[in-house]
Every structure is written in C-alpha cells, then in structure tokens.
Amino acid sequence: MRKLSAACIAAALLLQVPAGMAQTAIDTASRAQLIDNLVRELNANYVFPEVAGKLEAALRAKQKRGDYDRAADAQGLAVLLTSELQAVSGDLHLNVRYSDTPAPPRPTGPRPAPTAEDEARFHARAKSMNYGLGKVEKLPGNIGYLETQGFGPVKYVDKAFTAAMTQLADSDALIIDMRGNGGGSPDSIAFLSSYLFDKRTHLNNLYWREGNRTEEFWTTEDVPGKKYGEQKPVYVLTGPRTFSGAEEFSYNLQQLKRATLVGEKTRGGANPGGIRQLTPHFSVFVPSGRAINPISKTNWEGTGVTPDVKVAAADALVSAQKMALEKLAADERDPQKAQLLRTRLAELAK
C-alpha cells in the first residue's frame with residue numbers, strides 16, 4: 001500500500017476544519033478511552049487484519065510518547081489520529097471525525113427499520129442535493145452531458161437518474177462527468193451503468209471481511225425509461241476529486257472497454273465501509289471491504305484510476321467534446337451533417 005507522510009496529511013486535514021468551529025478540550029481519560037475504542041474497532045472490522053495490527057502498534061507508540069496529548073482540542077485530535085491512520089495504511093477512506101453535537105445512544109439488538117419520519121428526512125436530503133446530479137444537457141453536435149456529484153442510495157435517486165438518462169438516450173455521444181463526484185452507493189453505480197449496456201454485465205465485486213463473503217454487482221437489462229445502450233460512444237471525465245464509488249464507476253467502464261476516460265488520475269480509494277461511533281462525539285469511518293474487479297482482479301486503491309486520455313481536469317470537458325465530434329464526423333455518412341460537426345469542432349479548437 002502507498003505510504004503517506006503523516007505531517008502532510010495532518011496539514012491537509014487541518015485546512016479542512018471549518019473556520020469558527022468551537023475548540024473543545026479533551027481530558028486525558030477521555031483521550032485514552034477514545035484510542036482504546038478506536039483500536040478495538042480497527043481490529044474487529046478493518047478489511048485488512050494485518051494492517052489493523054500495524055495501526056494499533058503505531059497508535060500505541062504515539063500514545064506512549066504523549067504525541068496525542070499535544071492536540072490543542074478535540075478537532076485537532078481527530079486530525080492527528082486521521083493523519084496517523086492514513087500514513088500507516090495509505091487508506092484515504094480511513095478517518096476519525098469529531099462533532100460538537102453528541103450522537104444519540106446506539107440502540108441494542110438489530111438496527112430498527114427506518115421510520116416514516118426517517119424516510120422523509122432521507123428523501124429531503126437527497127432532494128436538497130439534487131439527487132447527486134448537476135447539469136443534464138445536450139451539447140452542440142447532439143452530445144449528451146451528465147454531471148454527477150454523488151451516488152446516493154438507489155431508492156432515493158433512481159427516478160432522477162432515470163429522468164436524466166431518458167433525456168440523453170437519443171444523444172449520438174455521451175459525456176459523464178465524475179470530476180466532482182466523491183462516491184456513494186454501489187447499487188446506484190450499477191443502476192446508472194445499466195443504461196449503458198444492452199445485456200446483463202458483471203461490473204464489480206466487493207469482498208467483505210464480515211462473513212468472509214464476496215458480493216457481486218451486475219447491470220440490469222430492464223430499467224425504467226429509455227437506455228442509451230452500448231453501441232454509441234461514452235466519455236467519462238475524471239480528476240483528483242473523483243473518489244471511491246465515482247472511481248469504481250470509471251474503472252468498471254474502463255475495464256469493460258465501454259468508455260474512454262479523459263482527465264487526470266483519480267484520488268485512489270477502493271475500500272468501502274461505514275461510520276462507527278467511538279464516543280458520543282467521535283466516530284471513525286472504517287473500511288470493511290475492498291473492491292475486486294472481475295477483469296483485472298484488482299482495484300485502484302492507493303493508485304487511483306489512470307485516464308485513457310490525460311489532460312488537465314479543467315480541460316477534460318472540451319477535450320471529450322472534441323473527441324466525440326471527431327468520431328461522429330468520421331462516422332457520419334451525410335456530408336452536410338458531417339460538415340456541421342467539423343464546424344463545431346473548429347469552434348472548440350479556437
């Protein structure tokens with residue numbers, strides 16, 4: 001796994017702390033309990049048990065030296081712990097979080113089903129984020145453009161995804177923008193991917209430590225609305241903010257040779273998991289699984305997804321449009337339509 005500088009990670013994370021956040025001190029006993037709970041969660045759930053052991057050793061060594069005693073406040077401690085976890089593991093999903101608002105007590109026994117109020121709140125949140133979508137539009141030359149920002153749970157975003165893909169189904173080429181997408185649900189990734197294939201297609205596998213099981217993800221032949229299909233070109237835009245599930249979407253299509261990736265290398269996080277509460281104010285995201293692509297037999301963890309066409313992320317949309325127009329013009333049998341496509345291409349080249 002890639003090794004990262006703890007100092008660099010800490011500095012970067014500190015820049016992400018919102019200005020004006022209350023500085024909350026944490027006493028010695030609470031700090032020790034937090035680290036004990038963190039070590040326990042890592043050993044019980046982290047996808048790589050041997051790495052969990054290394055993480056424990058590193059945390060205990062710094063704890064013994066008093067390194068964590070120097071944290072100015074609770075938020076600073078979360079940053080220090082995250083920097084250590086990521087430096088040792090190279091896993092950018094692994095991070096400790098602090099909240100001024102205490103989490104409600106964890107219920108005992110099986111997790112209760114969401115109430116109607118919960119569902120309404122989840123739907124409202126998805127709506128406030130436009131269901132993870134940005135622009136959905138037709139560009140000159142009948143090129144569809146779909147800007148994505150996240151993959152929320154499929155039960156909340158499916159209708160929006162269907163509407164977007166139906167709107168773009170008759171495009172002659174399609175550009176899907178993953179440059180600002182930080183990831184999300186693998187079910188939603190499979191749902192969106194289903195509009196790009198005619199037949200049921202194996203996309204990805206997720207291995208989970210719990211139960212030592214592997215979960216397969218496939219496209220669906222029958223989806224609502226109209227498919228774009230697998231005969232027309234697809235271009236996926238990537239960049240350094242493309243992370244996790246957005247990387248999976250891009251990597252899946254690249255391995256299946258269904259899309260041309262355009263832009264910069266992605267961030268490099270392939271280990272899914274979940275948030276685990278450590279104390280009322282501290283939680284940790286622990287990756288408990290890892291992606292295994294059925295074609296490459298590996299993933300993009302620590303390396304990122306390398307695009308097929310490397311350009312600056314800011315220039316990726318124009319580059320993809322040029323590629324699409326060149327292909328469409330070359331394939332067009334109608335001389336007048338071909339000339340219109342070449343005219344648009346010349347405009348982009350200015």
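Taken together, the values in this text are just the output of simple stated rules run on the coordinates, not laboratory data. As the structure is a prediction and not an experimental result, all values here were calculated from the model. As a convention, Cβ positions derive from the backbone with ideal geometry for all residues, glycine included, and neighbour counts pool all protein chains shown.
So here's what we get for this one:
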item: Three semi-axes of the equivalent ellipsoid, the chain, Cα gyration tensor, whole Å, largest first; result: 41, 22, 19
item: Neighbour-count order for VAL51, VAL305, fewest beta carbons within 10 angstrom listed first; result: VAL51, VAL305
item: Where a label projected 7 Å from the Cα of ASN43 along Cα→Cβ would reach, residues of the stretch 269-293 with amide N under 15 Å; result: none
item: Nitroxide proxy distance, nm - points 7 Å out along Cα→Cβ at ASP170 and ARG333; result: 2.0
item: Estimated FRET transfer efficiency (ASP67, GLN33; beta-carbon r; R0 22 Å; 0.05); result: 0.80
item: Simple label model, 7 Å out from Cα along Cβ direction - TYR207 to THR306, nm; result: 2.3
item: Among 229-240, 273-284, the order from most to least packed when residues are scored by Cβ within 10 Å on average; result: 229-240, 273-284
item: Alpha-carbon gyration tensor eigenvalues x 5, square-rooted, for the stretch 116-312, Å; result: 26, 21, 17
item: Extension gain (nm, one decimal) between LYS135 and ASP222, 0.36 nm per residue minus Cα-Cα; result: 28.8 nm
